[in-house]
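The values are calculated or read from the model by the stated rules, or taken from the named source; none is laboratory data. Only a predicted model underlies this, so the values are computations on that prediction, with no experimental measurement involved. Here the Cβ is made from the backbone with ideal geometry for all residues, glycine too, and neighbour counts use every protein chain on show. Ligands, DNA and RNA are stripped out before the accessible areas are found, and what is left, the full protein with its side chains, is counted by its heavy atoms. Shrake-Rupley method; radii C 1.70, N 1.55, O 1.52, S 1.80 Å.
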Amino acid sequence: MAISELPTSVETAAPRRRTAWQQFKRVARRQPLGVAGGAIVILMILMAIFADVIAPYDPTAMNYSAFTAPPGTEFWLGTDQMGRDVFSRIVHGARTAVFVGFVASIVGAGIGLVLGVGSAYFGGKIDLVFQRVMDIFMSFPLIIMALAMVAIFGTGVDKVIVAITIPFIPRCARVVRSTALSVREMPYVDAARSIGYSHTRIILRHMVPNVMAPFLIMITAFVGQAILLEASLSYLGLGVQEPTPAWGLMLQGGAELYAESAPWVAIFPGLAITLAVFGFNLFGDAVRDMLDPKLRSQ
Amino acid sequence: MNSGLKTLAASLAVGAALSLGLGGAIAAETPKKGGVLKFVVPAEPPSFDGHRETTFALVHPIAPFYSLLVKQNPQNSMDPTDIICDLCTEMPKPTDGGKTYTFKLRKGVTFEDGAPLTAADVKATYDKIIFPPADISSARKAYFVMVESVETPDDETVVFKLKYPSSAFIPALAMPFNFIYDDAKLAQDMHWYEKNILGSGPFQKAERQAGAFIKGTANPNYYEKGKPYLDGFEAIFAKKESLRVQAIRGDRAAIEFRGFPPQSRDDLVKALGKDITVQESDWNCVLLITPNHRKKPFDDVRVRRALTLAVDRWGGSQYLSKIAIVKTVGGIVFPGHPLAANKEELQQLAGYWPDLAKSRAEAKRLLKEAGIPEGFKFVLNNRAVDQPYKIVGTWLIDQWKQIGLAVEQQVQPTGPFYDTLRKKQDFDVSIDFNCQSVVNPLLDVSKFISEDTSGSQYGGYTNREVDELFNAMNQTDDQAAQREKMRRMEKIVLDEEALGFITMWWYRIIPHRSYVKGWNVSPSHYLNQQLADVWLDQ
């Protein structure tokens, strides 16, 4: 066939670049629940950032003339047993939840990433010993591990972050290691070794970028878990302390005693926790579906 | 009884009767025999040794197994001066210028194992409490500073010789923790009673399941004939307040003796109507604010005074009494007692001024003068108990915010909380408490004397003028002189030196099943727990 006979339409058949809106619509069609989850996540983050603007009252200010006031025009979601505005506390509680959730997840997953890739890269006895240590940590349920950590470090936002971060490390390290083991066998890693790159450079420049998919999936999954853990610890009186606004703490303070006479004290923070965890889980699932090649091909 | 004490007794009794809404109905009822009283207890006893422990968690399930030498009258529990014999036959008149008390003991009293209870057992008990060996912990040793010796001229006589006459002695003897132990068991092992129960009280045959319950059955050989009315009791341990409320609501338990917050009372009354009876009383228990004098800037009296000046006690009483078990505004003495400050006297003290704006303006001025910047941060150490610790702690943080202080709360379980107060001593400011059994202000205020003599003062200060006033009060029977010295001591502690502060006194609310009879509320959750007079109207 002569060259001139090649179809000229090839030039015009080049894929069109989709606009952001078109891309969003495409993702929304494929992952409607993920988009809903993402919307909740964004809403939470916005609430956390703009809490001072959104909240109509100081979340710690006690209104002595409005103990357990029902929801209404003055207090949209009512007040708690100390006369504090429930809506304002939920909005500011988002700040605590997002802060604890993201910091614990990113730090826990980050350390897990380094340890997991390092363990896979060095292999041998280092990997063997390291994995047995991880086994010990992972043999405890997440909440038990977090409780043990709180018992060691004490209560308060910073200590709760540490208590939640530590149990996340082995979980992320284990998942990342499994991916890193296959990456380690790739020719480009051998090539990097053969030209004398340092271990640090090989790990950080050549292996870490190739395990980012499971890492990001772990982070999104961890945020929801961290929020739930923080709420659980605070509910048990072992996490964030009064008067800091935190959803679990709001449940701890009033849920049981005022369940009958002022149910809004428990219902709204409970809903906030449920919605936040639900949102992060949906979003995490969508991220996983998009980043996992096997799921993507399906 | 002098007129002041009569007034206190009368006012407490009227308060309780009004809250009962029963008038004289109780006295008219004839006790019925039989049944098992089930009650809930918020915590388990750390050990079974009453001499060592200080908690209601010991008294509620363990006191029914023991006798005391003297006790507060269970039928007149609102009168702190009505102390009657338990093992003794007659309340003694002091001799030797008020320095000797001779008690005659009941005959034929035996311990659960059949061993006779004699004067030697009473002496061994009080020797352990007053003069404990080095390795024995005695929580109430300081209450018997006036005792020189305990003697037993014969098997039925016990003689207490005092160093000086003291009106605080008999109330100290009546403390409900002073269980009479078997001399032989103590001689064998002074720690024996920490893990074993063997008494001569209205109940016996203790049965325990750790974490669940302690049971007892009626002692057929009990020396008060016809008592106890109950066949037995079961103390059920339930840490969560909601569980305890639900236990009473569902009739799994009939009563909790410590006290519920107002909301639980209201819920139970609403749900059970006439099946629930509520008894209420002022409570000889108070939460304190203890600044750490060892630590800057709390070593500065101006900072300490600012902390107390910021607190709106009069308003707090009104508001917090709706949600917590606190109510009455008072000084260092149980409100209503003849030695307590009246409202006019209180209003002269820092933190009690009627003009709150003026008080807080002065607080701000003092902070500025002491070089404390706006937004200064410190940590309030608190105990992980909702009622009333965490509620009062959160309220205090709100109060201090009004004078520009940013306070964080560190809440710890009981063990670490006490470790912080007693061992680490690294706190900034801490919640602390002073809970007593028999109302005995002369000794109850030992909480405020110098660190090296008090044993329970955690602020770390020394003030010899306070110590001298305390000693002088305890060595005179002249109530006018006692009162004058108490006011001076109070002025130093709460105002001039601001050594430590009072928040509000507790208020005891006991909603119980109406079929529980013969138990009367008292100003202390430690008192009136032998249960010999309790019966079930079923």
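Residue under question is A:Ile111, and the condition is that it be open to solvent by 40 Å² or more (accessible area, probe 1.4 Å), among the β-branched types (Val, Ile, Thr) and away from chain B (no Cβ under 14 Å); does it hold?
Considered against the rule, which asks whether it is open to solvent by 40 Å² or more (accessible area, probe 1.4 Å), among the β-branched types (Val, Ile, Thr) and away from chain B (no Cβ under 14 Å), A:Ile111 comes out as yes.
This table checks each residue for (1) out of contact with any Lys or Arg (no Cβ under 9 Å at 6 or more places or on another chain); (2) of a type outside the set (D, E, K, R); (3) open to solvent by 10 Å² or more (accessible area, probe 1.4 Å); (4) in a helix (DSSP H, G or I).
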position	(1), (2), (3), (4)
A:Leu43	yes, yes, yes, yes
A:Leu46	yes, yes, yes, yes
A:Met62	no, yes, yes, no
A:Ser65	yes, yes, yes, no
A:Ala69	yes, yes, yes, no
A:His92	yes, yes, yes, yes
A:Val100	yes, yes, no, yes
A:Val107	yes, yes, yes, yes
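Inside the range B:59-89, residues that are buried (at least 20 other Cβ atoms within 10 Å of the Cβ), outside any loop (DSSP other than H, G, I, E, B), touching a Pro at 6+ places or on another chain (Cβ under 9 Å) and at pLDDT 95 or above make up a count of 8. From the list B:Ala363, B:Ala357, B:Ala384, the lone residue that is among the small types (Gly, Ala, Ser) and open to solvent by less than 20 Å² (accessible area, probe 1.4 Å) is B:Ala363. For the range A:112-196, the helices (runs of 4 or more DSSP H) that sit wholly inside it and include 3 or more residues that are closer than 29 Å to A:Ile227 by Cβ are A:124-138, A:142-153, A:157-184.
Scoring B:Gln348 on the criteria (1) buried (at least 20 other Cβ atoms within 10 Å of the Cβ); (2) more than 14 Å from chain A (Cβ to nearest Cβ) leaves a single failure, condition (1).
Checked against (1) more than 13 Å from A:Gly108 (Cα to Cα); (2) in contact with a helix residue (DSSP H, G or I) (Cβ under 8 Å, 6 or more places away or on another chain); (3) of a type in the set (A, V, I, L, M), A:Ala173 passes all but a single condition, namely (1). The set of residues in the range A:143-191 being open to solvent by 60 Å² or more (accessible area, probe 1.4 Å) and within 14 Å of chain B (Cβ to nearest Cβ) consists of A:Ala151, A:Ile152, A:Phe153, A:Asp158, A:Lys159. When the range B:389-406 is limited to residues that are free of Cβ contacts under 8 Å to residues at least 60 places away in the same chain and more than 9 Å from every other protein chain (Cβ to nearest Cβ), the one that is surrounded by the most Cβ atoms within 10 Å (Cβ to Cβ) turns out to be B:Gly404.
Got a sec? Which of B:Val145, B:Val159 is hydrophobic (A, V, I, L, M, F, W, C), over 23 Å from B:Tyr193 (Cα atoms), open to solvent by 10 Å² or more (accessible area, probe 1.4 Å) and touching a residue at least 60 places away in the same chain (Cβ under 8 Å)?
Checking each option against the conditions leaves just B:Val145.
Taken as a whole, the structure places A:Phe87 among residues that are away from chain B (no Cβ under 14 Å), crowded, with 18+ Cβ neighbours inside 10 Å and in contact with a Leu (Cβ under 8 Å, 6 or more places away or on another chain).
On inspection, B:Thr290 fails the criterion of being farther than 26 Å from B:Pro42 by Cα, among the hydroxyl-bearing types (Ser, Thr, Tyr) and either without any contact (Cβ under 8 Å) to a residue 24 or more places away in the chain or surrounded by 22 or more Cβ atoms within 10 Å (Cβ to Cβ) (or both).
Taking the range B:464-480 as the range and being of a type outside the set (Phe, Trp, Tyr), touching a helix residue (DSSP H, G or I) at 6+ places or on another chain (Cβ under 8 Å), part of a helix (DSSP H, G or I) and under 20 Å from B:Lys99 (Cα atoms) as the test, the residues that pass are B:Ala472, B:Met473, B:Asn474, B:Gln479.
Table: residues versus (1) more than 14 Å from chain B (Cβ to nearest Cβ); (2) over 25 Å from the mean Cα position of the chain (by Cα).
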{"position": "A:Arg193", "(1), (2)": "yes, yes"}
{"position": "A:Ile203", "(1), (2)": "yes, no"}
{"position": "A:Pro209", "(1), (2)": "yes, no"}
{"position": "A:Pro214", "(1), (2)": "yes, no"}
{"position": "A:Val223", "(1), (2)": "yes, no"}
{"position": "A:Leu233", "(1), (2)": "no, no"}
{"position": "A:Leu236", "(1), (2)": "no, no"}
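Per-residue answers, yes or no, for (1) surrounded by fewer than 21 Cβ atoms within 10 Å (Cβ to Cβ); (2) away from chain A (no Cβ under 14 Å); (3) part of a strand (DSSP E or B); (4) of a type in the set (Lys, Arg):
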site: B:Glu408; (1), (2), (3), (4): yes, no, yes, no
site: B:Phe417; (1), (2), (3), (4): no, no, no, no
site: B:Arg422; (1), (2), (3), (4): yes, yes, no, yes
site: B:Phe427; (1), (2), (3), (4): no, no, no, no
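When the criteria are applied in full, B:Asp96 fails the requirement of being within 20 Å of B:Gln279 (Cα to Cα), in the same structural domain as B:Ala174 (by TED's automatic domain parsing) and surrounded by fewer than 20 Cβ atoms within 10 Å (Cβ to Cβ).
Out of the residues in the range A:62-73 that are out of contact with any helix residue (DSSP H, G or I) (no Cβ under 7 Å at 6 or more places or on another chain) and closer than 26 Å to B:Trp400 by Cα, which is nearest to the other protein chains (Cβ to nearest Cβ)?
Of everything passing the filter in the range A:62-73, A:Phe67 is nearest to the other protein chains (Cβ to nearest Cβ).
Take residues that are more than 14 Å from chain A (Cβ to nearest Cβ) and of a type in the set (D, E, K, R) and tell me which of the strands (runs of 3 or more DSSP E) falling wholly in the range B:193-309 contain 3 or more.
Filter on the range B:193-309 gives B:203-209.
Within the span defined as the range A:193-202, every residue fails to be open to solvent by 70 Å² or more (accessible area, probe 1.4 Å) and either at pLDDT below 90 or touching a strand residue (DSSP E or B) at 6+ places or on another chain (Cβ under 7 Å) (or both). For B:Lys343, the criteria (1) open to solvent by 50 Å² or more (accessible area, probe 1.4 Å); (2) free of Cβ contacts under 8 Å to residues at least 60 places away in the same chain; (3) over 31 Å from the mean Cα position of the chain (by Cα) hold in every case but one, which is (3).
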